[in-house]
Amino acid sequence: MWYYLSYFATSIIKSINVKLPKTAKETAGIYLHIPFCKKACHYCNFHFSTSMRHQPEMIDAMLTEIALQQGYLENLPVASVYFGGGTPSVLETSAINQLLQRIEQFHDILPDAEITLEANPDDLTTAKLQQLSETKINRLSIGIQSFFDKDLEFMNRAHNSEEAIACIRNAQEVGFQNLTVDLIYGTPTMTNEEWRKNLQTVFDLNIPHVSCYCLTVEPKTALEHFVKTGKSKDVNEEQVAEQFQILVEEMTKYGYLHYEISNFAKPDFFAVHNGNYWKGKKYLGIGPSAHSFNGQSRQWNVANNAQYIKSLQENKLHYEVETLTTRDRYNEYIMTGLRTIWGVDLIKIEAFDIAVKTHFIDKSKQYLLQGLMIQEGNHYKLTSKGRLLSDGIISELFWI
Ligand code: SF4
C-alpha cells in the first residue's frame, strides 16, 4: 500500500526547524539517490533513467523532500552522507552543493563525517575533479568494474580502461586520498589471470578501499535476455568460486582487511556509510527508490521519476512502509552481521527474544563443528571457509 503524506509548505517547515543539542553518541546516515545514468549497463537492475531531461525538477523535488523529512532522524548527528544512484557524478557541482547545503540546514553533520559521491570514470574529467575537490565531498566511490575494455564492452559501461586509470590518478592528484572502487568478478569474458591483473592494477594505484561484487544475472535486465537467448554465456559458479578465492588471497597479501564479504579496506579506510547499514543504524533515504530505516520500520520511495517529482511538487511524500517484526529484525541482523568481521553478538540476539537465542545456538552448532564458524566469547563469526558458503549458512540461521 502506498502512503501519501501531506505536510505544510516547505517554507513553513523550514521556519520551524530547530536543531536539538546532541545528547547521545548514536549517529545516523543520509543517502541520496540520483536516478540518472548516461548508459544502461547490461547487468543493472537499479532505478535510473538515461534521459537527463528532468534533472532540474528532480533536484528541486529532492530539496523539498529533505525539508519534509527533516524529523525522520530525530536530530541524530549525521556521520555519513552518501550520493548514490544511478550516477551522481552526472550532476553539476552546483546541484551537489545545493543538496548538501539543504541537508546541513536541517541536520547536524559531524565535522569528520564521511561524504561520498559515487562516480563513473567518464564523468571524472580533470576539471570536474577539481570542482569536486572544492565541495564537501571527501570520498569518491568510482565504478571501475574492470580495467579491460572487453569486459567493459560486455557490461555496456560508458567508460573505457584508459579513462578508468586516468580518473584514479587525477582524483589522487587533486587530493582525494579516500577512494574506493567497485570491481566485478565472474564475468564470462574475464579469465582468472585477467582477474589477478585487475587486482594488481588496484594495488599499483594504491587504492585504499575496494568493493568486489560477483556478476549476477538479475531479472528483467539485458543480461538476463542475452543469457536466455544464448547471446551471452551464463555466470559459471566454478569460475565465481575460483575468482572469489583469488580475491581474498590477493587482498590479504597486500594488507587489505576483508571486513565484509564484498568489501576490503586498508586500516582506517572502512566505509562509514555501509558500516552504518550493517550495524543497524538509522538512515534517511532521499530521492526516487531510496530506502529509509528508523530502527522500527523501513520505507522506500516510489521508484518512478515522474511520480516522485509530481508528489514533491505537491509537497507530498510518496512511499511504501513496512513495520519490522522481531523475526525480520533478527533475520536482518544475522544477514548483515555474519557478512562482517565483527560477526553477531549473542547478547543482541537474546534481546530480540530468548527463543531466537536458543534457535541460533542450536543451528550454529554444526557450523562450529565443521570449522565454518568460530565463537569468541559472545561473538559468532564466519571463518574464511564459512564465507565461501555464507548465503547457505545465513539462510539456515534465519528464524522462519
Ligand atoms: S552506471 Fe551504475 S546505476 Fe547506472 S546503469 Fe550502470 S551499474 Fe546501473
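Just so you know, all these numbers are worked out from the coordinates, no wet-lab data involved. The shown structure was predicted, so the numbers you read here are calculated from the model rather than taken from an experiment. Here the Cβ is made from the backbone with ideal geometry for all residues, glycine too, and neighbour counts use every protein chain on show.
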Of THR126, THR325, THR383, the one that fluctuates the most in a GNM where the chain has Cα springs shorter than 10 Å
THR325
Taking N as the number of residues in the stretch 192-316, the ratio of its alpha carbon radius of gyration to 2.2 N^0.38 Å works out to 1.40
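What shape does the stretch 20-123 take by its C-alpha gyration tensor, where a ≥ b ≥ c are the square roots of the eigenvalues and a/c under 1.5 counts as rounded, a/b above b/c as prolate, and the rest as oblate? Please list the in-between numbers first.
Details: a/c = 2.30, a/b = 1.88, b/c = 1.22.
Verdict is prolate for the stretch 20-123.
Considering only DSSP states other than H, G, I, E and B, which chymotrypsin sites (Phe, Trp or Tyr not before Pro) in the stretch 359-400 qualify as loop sites with at most 10 other Cβ atoms within 10 Å? Spell out each step's value before the answer.
Details: sites: PHE360, TYR367, TYR380, PHE398, TRP399; in loops: PHE398, TRP399.
Nothing satisfies the criteria.
Filter the GluC sites (Glu not before Pro) in the stretch 130-186 down to the DSSP loop ones having no more than 16 other Cβ atoms within 10 Å, then list what survives. Each step should come with its number before you reach the end.
Numbers: sites: GLU134, GLU153, GLU162, GLU163, GLU173; in loops: GLU134.
Answer by residue number: GLU134.
Hydropathy at least -0.5 by Kyte-Doolittle, axial extent at least 15 angstrom from the Cα trace: which helices of the chain, defined as entire DSSP H runs, fit?
Membrane-span-like by this rule: 55-68, 93-106, 161-173, 354-369.
Percent of Cα-Cα pairs more than 20 Å apart in the stretch 60-120, please.
Details: 463 of 1830 pairs.
That fraction is 25 percent.
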Dimensionless Rg over Rh [the stretch 323-366; C-alpha; Kirkwood]
0.95
Could you list, by residue number, the cysteines of the chain that have no other cysteine's beta carbon within less than 4.7 Å of their beta carbon?
CYS37, CYS167, CYS212, CYS214
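Taking square-rooted eigenvalues a ≥ b ≥ c of the alpha carbon gyration tensor, is the stretch 279-340 rounded, prolate or oblate, where a/c under 1.5 means rounded and, failing that, a/b exceeding b/c means prolate?
On the way: a/c = 3.08, a/b = 2.45, b/c = 1.26.
Prolate, because a/c is 1.5 or more and a/b exceeds b/c.
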Given LEU247, GLN172, GLN101, which one lies farthest toward the positive end of the charge dipole of the chain, if we put +1 on the Cβ of every Lys and Arg and -1 on the Cβ of every Asp and Glu?
GLN101
Based on the alpha carbon coordinates of the stretch 236-388, what radius of gyration and maximum Cα-Cα distance (Dmax) apply, in Å?
19.0, 59
If you keep only loop residues by DSSP, which trypsin sites (Lys or Arg not before Pro) in the stretch 190-223 have at most 11 other Cβ atoms within 10 Å of their Cβ?
LYS220
Translational D (Stokes-Einstein, µm²/s) of the chain at 10 °C and 1.306 mPa s when Rh comes from the Kirkwood sum over C-alpha pairs?
71
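Percent of Cα-Cα pairs more than 14 Å apart in the stretch 243-310, please.
68
Order the peptides 213-219, 68-74, 283-289 from the highest to the lowest mean number of other Cβ atoms within 10 Å of their residues. Please report the intermediate quantities before stating the final value.
Values: 213-219: 15.3, 68-74: 19.3, 283-289: 25.1.
Highest mean packing first, the order is 283-289, 68-74, 213-219.
Just the C-alpha atoms of the stretch 349-400: what Rg/Rh do they give, with Rh taken as the Kirkwood radius?
Working: Rg = 10.8 Å, Rh = 11.3 Å.
With Rh from the inverse mean 1/r over Cα pairs, Rg/Rh is 0.96.
Over the chain, what is the relative contact order in percent, taking alpha-carbon pairs closer than 8 angstrom and at least six residues apart? Working shown, then result.
Values: 705 pairs, mean separation 71.0, N = 400.
18 percent.
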